[in-house]
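First up is the structure itself, then whatever we jot down about it.
The values are calculated or read from the model by the stated rules, or taken from the named source; none is laboratory data. Owing to the predicted nature of the structure, the values given are computational and were not obtained by experimental measurement. Cβ: placed from backbone, ideal geometry, glycine included. Neighbour counts: every protein chain shown. Surface areas here come from the heavy atoms of the whole protein model, side chains and all, with no ligands, DNA or RNA. Shrake-Rupley method; radii C 1.70, N 1.55, O 1.52, S 1.80 Å.
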Amino acid sequence: MSRNMSSTLRRRFRPDPMRAFDSLPRPLRAWMAQAALPWSPASCHRLWQKARSEGASLDSILERLDQAEARTLARDGLALPPSPLESQRHRQSRGDA
């Protein structure tokens, strides 16, 4: 084991993921907390920053994040579960409610 510890390679700096999460804007942290996928704070922050630099509204940014997640899930052959509100609407349209 000590042989591995004496490597001449430089150690990579790895930021603390909780500190990175805590430094995100509150709406982005809330979105990540309910996301279906385990997004990294860095990738979400990149999407957030890009949208903000384009002048997107908060609702538009959150919609972009939802779309990015839906694309990722579709690519992996998965689907987002319906929200409780959508399930309720579906039951009402069938007359189950």
Can you name the condition, by its number, that Asp96 falls short on among (1) loosely packed, with under 14 Cβ neighbours inside 10 Å; (2) modelled with pLDDT of 90 or more?
(2)
Identity of the residue in the stretch 15-32, of a type outside the set (D, E, K, R) and over 14 Å from the mean Cα position of the chain (by Cα), that ends up most open to solvent (accessible area, probe 1.4 Å):
Met18
